[in-house]
1. Based on this model, can you work out whether Gly216 counts as farther than 18 Å from Phe59 by Cα and in contact (Cβ under 8 Å) with a residue 60 or more places away in the chain?
2. Can you tell which of Asp130, Asp208, Asp92 is at pLDDT 95 or above, among the acidic types (Asp, Glu) and under 21 Å from Leu61 (Cα atoms)?
3. Filter the range 197-221 for residues that are in contact with a helix residue (DSSP H, G or I) (Cβ under 9 Å, 6 or more places away or on another chain) and of a type in the set (A, V, I, L, M, F, W, C); which is surrounded by the fewest Cβ atoms within 10 Å (Cβ to Cβ)?
4. Might you check whether a residue that is loosely packed, with under 15 Cβ neighbours inside 10 Å, closer than 22 Å to Asp31 by Cα and small (Gly, Ala, Ser) occurs anywhere in the range 130-147?
5. Suppose we keep only residues that are under 15 Å from Ala202 (Cβ atoms) and of a type outside the set (S, T, N, Q) within the range 166-183. Which one would you say is modelled with the highest pLDDT?
6. Counting only residues that are hydrophobic (A, V, I, L, M, F, W, C) and under 18 Å from Thr187 (Cβ atoms), give me the strands (runs of 3 or more DSSP E) lying completely in the range 16-126 with at least 1 of them.
7. Is it the case that some residue within the range 191-208 is assigned to a loop (DSSP other than H, G, I, E, B), over 18 Å from the mean Cα position of the chain (by Cα) and not hydroxyl-bearing (Ser, Thr, Tyr)?
8. Looking only at the range 17-62, how many residues end up being over 16 Å from His94 (Cα atoms), loosely packed, with under 15 Cβ neighbours inside 10 Å and among the small types (Gly, Ala, Ser)?
Amino acid sequence: MPVQPAAPPLAGPVLSAQSWHNVTFLHWPVDPDSVQGLFPPGVRPDVIDGVTYVGLVPFILRHAGPGARLPVPFFGDFCETNVRLYSVDAADRHGIVFLTLDAQRLATVLLARWSLGLPYAWSSMNSAQDGDERRYQSRRRWPRPARSSGGPTCRVRVRLGETAEPSALQVWLTARWGLHTRVAGRTVWVPNEHPAWSLRSAEVLELDDGLVRSCGIEVDPGAMLPALWSKGVRTSFGMPSVVSQ
């Protein structure tokens, strides 16, 4: 089944909810065979036209909390940048596998690593805007790569463009209604839903990224897709279910 541009409704209770603001999408094509080993058991790289993609997505997370209506002050608001791959399982659920999620709040990092096995990392981060320009910066604090004197850094600056009607590929990259992760020795699917993205084109003015490299993925800078930006969405996550292997 192809990726659907609208989210299927969540079945059952809401695990958590949060808002994603000031979201920039950067993507590069990669050979599926080169990243297969980065996926949990029971999950494989999702492909389109014979390739898959790695994404670098900086944004601001706000009003996060358990359930549907319980944002946690301070701890539920922070900058985040994730590196992600695109996944599919035997039930034909098209999702995301996160390689790293650098975030500003240590308590959130520790909770997410413990509860859902997500590879969160604690980083010094900031985001700023000046007119149509958006800037994101981060420096990893913990955990740092072995034999390294400092954690990976990332700096992104973009200029917003016109409203973008998403192509089939852009829908494939952004309309992802769940994630695959490994919890207590089992691969699980965590569904999510949110309104369709309202997207704008974006011009990359500056990009100095160490996060994708820190995940062991080498990309061709000249092959980067045109950047996209969104004001954001409110999203809800459902309860995990075990992936058949």
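1. Numbers: farther than 18 Å from Phe59 by Cα: yes; in contact (Cβ under 8 Å) with a residue 60 or more places away in the chain: yes.
Yes: the conditions hold for Gly216.
2. Details: Asp208 fails: under 21 Å from Leu61 (Cα atoms); Asp92 fails: under 21 Å from Leu61 (Cα atoms).
The unique qualifying residue is Asp130.
3. Of all residues in the range 197-221, those in contact with a helix residue (DSSP H, G or I) (Cβ under 9 Å, 6 or more places away or on another chain) come to 197, 199, 207, 215-219.
Pick out the ones that are also of a type in the set (A, V, I, L, M, F, W, C) and you get 197, 199, 207, 215, 217, 219.
On the way: Trp197: 21, Leu199: 19, Leu207: 15, Cys215: 18, Ile217: 17, Val219: 18.
Across the range 197-221, the extreme among qualifying residues is Leu207.
4. no
5. Of everything passing the filter in the range 166-183, Leu173 is modelled with the highest pLDDT.
6. Working: elements: 43-45, 52-66, 78-89, 94-103.
It comes to 43-45, 78-89, 94-103.
7. To start, the set of residues in the range 191-208 that are assigned to a loop (DSSP other than H, G, I, E, B) comprises 194-198.
With the extra rule that they be over 18 Å from the mean Cα position of the chain (by Cα), the set shrinks to none.
Checking the range 191-208: not a single residue is assigned to a loop (DSSP other than H, G, I, E, B), over 18 Å from the mean Cα position of the chain (by Cα) and not hydroxyl-bearing (Ser, Thr, Tyr).
8. 2
The values are calculated or read from the model by the stated rules, or taken from the named source; none is laboratory data. Note that the structure is predicted; figures quoted are calculated from it, not measured. Note: ideal-geometry Cβ built from the backbone for every residue, glycine included; neighbour counts use all protein chains shown.
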